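Only one structure is covered here, and it is reproduced in the block below.
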Amino acid sequence: MIRRLIGEDIELVWKPEAATPLIKIDPTQLNQILMNLAVNARDAMTGTGTLIIGTEGVYLDKDYCRQHPWCVPGTYFCLRVSDTGCGISQDIRDHIFEPFFTTKNIHEGTGIGLSTVYGIVKQNLGVISVYSEPGEGTTFKIYLPACAEAVSLTATDHQSHRLVAGSETLLFVEDEKNLLKLGAAMLEEAGYQVLAAASPAQALELVEKQKPPIALLITDMIMPGMSGKDLSLRLQEIYPQLKVLFVSGYAADLINHKGLIENNAELLSKPFTSFQLTSRVRNLLDS
């Protein structure tokens, strides 16, 4: 059905994970979610492009739920829908789930597709996130709570994962201010000295003025003005041994498809738990 909907010029890549938790949802509603996101992706791609649909099981912890007050910690089924289209600017991203909001011309769109998706997700006690930058494509991530009897990633498993401590100085660059604040707090709680920058320009200014002894760069991969990859190359001119951990909300499949970073680069997907962040940081520093 999706192949017919998006047309022959757009490649459909289907990447389901084998072990995903079961969920309770009206199958018609899940079809609506997929159809509306597929149409949205198709319209974002002019000519050829790629639509990538994937699934996975994830555990959303208290730190993630702190950013989304309607979210309860636990195991979720994650549906990822990514496209290689034109992307969405921040000012438009803030309104895309509003009923009848559309950037299309009259008679080309109703503006209810994404609001319908949002309504279905909320009705099923789920969470939806969108990651996008102009010219870099878009990834929607939908989290639907697992059935109580089908939970495989238990809360106790994750509560046993304590913060992995350290004392090094880290440079954390993230243009999403709430995530910058949250990530810095996670790292500081683990004992690290954190230099937080809300943009690549701010990060470069901080480094050029202070020349702090940075052991690791943690950076969002796609930001306005300069990519995380370009920022890392600039900083490695000053710190030749600097290690880098890229962070992104884009699906890894889309990142690999667009060749945004090297294949051997370290990548941490959003959302991440305190344990996931601090353990990746510690492993990189010790490697």
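The values are calculated or read from the model by the stated rules, or taken from the named source; none is laboratory data. What you see is a predicted model, and the numbers here were worked out from it, not measured in a lab. Positions of Cβ are backbone-derived with ideal geometry, glycine not excepted, and every protein chain shown enters the neighbour counts.
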- Task: Could you grab the pairs with beta carbons closer than 9 Å, sequence gap of 6+ or different chains, first residue in the stretch 206-217 and touching a residue at least 60 places away in the same chain (Cβ under 8 Å), second one among the basic types (Lys, Arg)?
- Result: 215/243; 216/243
- Look through the stretch 257-287, keep the residues that are at pLDDT 90 or above and more than 24 Å from residue 17 (Cα to Cα), and return whichever of them is farthest from the chain's Cα centre (by Cα). 286
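Of all residues in the stretch 112-151 being of a type in the set (Phe, Trp, Tyr) and touching a Gly at 6+ places or on another chain (Cβ under 7 Å), which is farthest from residue 26 (Cα to Cα)?
Initial filter on the stretch 112-151 (of a type in the set (Phe, Trp, Tyr)): 118, 131, 140, 143.
Filter once more, keeping what is touching a Gly at 6+ places or on another chain (Cβ under 7 Å): 131, 143.
Working: 131: 26, 143: 15 Å.
Applying the filter and picking the extreme gives 131.
Under the condition of being of a type in the set (Asp, Glu) and more than 17 Å from the chain's Cα centre (by Cα), which residue from the stretch 69-105 is nearest to residue 122 (Cα to Cα)? Write out each step before concluding.
Going through the stretch 69-105, the residues of a type in the set (Asp, Glu) turn out to be 83, 91, 94, 98.
When the remaining residues are screened for being more than 17 Å from the chain's Cα centre (by Cα), the result is 91, 98.
On the way: 91: 23, 98: 14 Å.
The residue in question is 98.
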- Message: Out of everything in the stretch 70-97 that is charged (D, E, K, R) and surrounded by 19 or more Cβ atoms within 10 Å (Cβ to Cβ), what residue ends up being farthest from residue 30 (Cα to Cα)?
- Response: 83
- Return yes or no: is residue 145 in the same structural domain as residue 37 (by TED's automatic domain parsing) and modelled with pLDDT under 90? no
- In this structure, is residue 254 at pLDDT 90 or above and in contact with a strand residue (DSSP E or B) (Cβ under 6 Å, 6 or more places away or on another chain)? no
- Where residue 31 falls short, out of the listed (1) surrounded by fewer than 16 Cβ atoms within 10 Å (Cβ to Cβ); (2) closer than 28 Å to residue 180 by Cβ: (2)
- Query: Hey, residue 171 hits all of (1) modelled with pLDDT of 95 or more; (2) at positive phi but one; which does it fall short on?
  - Reply: (2)
